[in-house]
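The values are calculated or read from the model by the stated rules, or taken from the named source; none is laboratory data. As the structure is a computational prediction, the values presented were derived from the model and not from experiment. Glycine gets a Cβ as well: all are built from the backbone with ideal geometry, and neighbour counts include every protein chain shown.
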Amino acid sequence: MKRIKVLYIGISDTLGGIERFIINICTLINRDIFSVGVIAYSTKYVEPEIFNELGVTVYPLTTKKEYDSIIKLFDIIHFNKNSALDLFALNIANKYNKKVIWHSHNTGLSHHNNFLFRFIHKLRRSYVVNHSNVLLACSNLAGKWMYGKKDFIFIPNGVNLQNIHFEDGVREEICRKFNIQSNSKIYGNVCRFSKQKNLFYLLDLFNLILKSESNSTLLLVGDGPLFEQLKDYSEKLGIQNSVDFTGFVKDVGDYYSAIDIMIVPSLYEGFPMTIVEGQACGCLCFVSDTITNQVKVTSAVNFFSLNDRIEDVVKNILKADTSKRKRIIEEFNNSIFLGQNMCKSIENTYLSLIKHEN
């Protein structure tokens with residue numbers, strides 16, 4: 001049987017949710033049926049070796065003209081996007097009459113969040129809808145952001161438990177690495193350090209936590225444009241000795257095993273995989289209510305409003321019972337958010353497209 005050729009578009013210059021989604025799919029997809037390739041706008045953090053080890057061809061993109069020669073090699077083009085601003089590759093896919101899947105992964109504009117770009121995004125949404133064969137979204141909010149009132153298919157972002165799972169002993173290793181006391185309560189966030197993630201608020205919040213739990217630690221896992229400013233702000237607050245910045249981490253799985261409570265105060269999100277991955281490892285999660293309630297896979301997730309008094313938010317966090325890790329993991333393992341389930345849904349979508357064509 002001739003394998004179906006699928007091309008993924010969406011790898012950027014950071015290792016974020018889209019990148020991890022594509023890596024998970026490439027890891028789990030049935031290679032007897034599908035042959036896959038990836039266009040990478042940058043290989044700064046997502047090294048080609050990651051995909052090469054999976055038998056995936058990586059096409060580094062230096063100019064938009066290169067889309068043409070790459071796209072025509074594939075049967076299905078799977079776009080993974082945060083907005084409808086850039087439609088250049090979509091036009092190329094349509095020119096070659098390729099099957100197009102447009103997959104929404106966010107609910108706002110990370111880099112161009114002003115009126116003009118939001119207007120352009122809304123203007124171009126109908127073009128995306130009319131020039132795609134299948135519309136997917138990682139959450140209902142992400143679907144409405146990208147497609148308006150049009151129908152779409154919700155695909156839960158699944159966790160690949162081969163890479164993300166709780167491990168005994170890893171917490172101790174992380175504590176030794178960052179000189180954290182073994183009896184410390186570890187709060188954390190795993191993200192790209194951008195305005196969207198609202199990390200200055202998180203530092204303010206943790207500053208208040210320290211007044212009640214002086215031996216607590218905040219573990220900030222990741223990198224991004226605000227990295228140095230956040231370090232400076234932690235020093236301004238006088239909490240730098242209780243905050244650890246890991247910098248870029250290729251494999252974040254170990255850090256979930258170390259974190260007791262994740263705090264995610266994002267201004268907006270499509271579907272933050274970190275919250276789901278945290279639950280897979282038994283972390284309690286306190287999440288701003290700007291984020292879709294579809295991330296509540298287990299009883300571990302608690303929502304709060306960014307409009308609430310920060311003192312009240314802290315009070316609720318301090319009440320959290322961190323002794324339920326095993327129960328949270330059991331809840332997660334009985335959910336729909338396993339990577340294998342996600343991949344099967346994606347595979348069925350591909351097969352239905354090709355079957356319909358034949």
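In the set PHE74, PHE51, PHE79, only one residue is surrounded by 14 or more Cβ atoms within 10 Å (Cβ to Cβ), among the hydrophobic types (A, V, I, L, M, F, W, C), in contact (Cβ under 8 Å) with a residue 24 or more places away in the chain and part of a strand (DSSP E or B); that residue is PHE79.
Residues satisfying the criterion are present in segment 22-42 (criterion: of a type in the set (Gly, Ala, Ser), crowded, with 21+ Cβ neighbours inside 10 Å and either on the phi > 0 side of the Ramachandran plot or not assigned by TED's automatic domain parsing to the domain that holds CYS191 (or both)).
State yes or no: is ARG125 out of contact with any strand residue (DSSP E or B) (no Cβ under 8 Å at 6 or more places or on another chain), farther than 30 Å from GLN229 by Cα, surrounded by 15 or more Cβ atoms within 10 Å (Cβ to Cβ) and not assigned by TED's automatic domain parsing to the domain that holds ILE291? Please lay out each step first, then the result.
Values: out of contact with any strand residue (DSSP E or B) (no Cβ under 8 Å at 6 or more places or on another chain): yes; farther than 30 Å from GLN229 by Cα: yes; surrounded by 15 or more Cβ atoms within 10 Å (Cβ to Cβ): yes; not assigned by TED's automatic domain parsing to the domain that holds ILE291: yes.
In short, yes.
Residue count for segment 151-196, restricted to those that are among the small types (Gly, Ala, Ser) and either at pLDDT 95 or above or surrounded by 13 or more Cβ atoms within 10 Å (Cβ to Cβ) (or both): 4. Here's a check for you: in segment 72-102, which residue that is at pLDDT below 95 and not hydrophobic (A, V, I, L, M, F, W, C) is farthest from the chain's Cα centre (by Cα)? This residue is ASP86. Annotation note: Cβ proximity below 6 Å between a residue of segment 293-314 that is in the same structural domain as ASP260 (by TED's automatic domain parsing) and within 24 Å of ASP204 (Cα to Cα) and a residue that is in a strand (DSSP E or B) and among the small types (Gly, Ala, Ser) (sequence gap 6+ or interchain) occurs for LEU306/SER288.
Restricting VAL297, VAL287 to residues that are out of contact with any strand residue (DSSP E or B) (no Cβ under 6 Å at 6 or more places or on another chain) and either over 25 Å from THR217 (Cβ atoms) or buried (at least 18 other Cβ atoms within 10 Å of the Cβ) (or both) narrows the list to VAL297.
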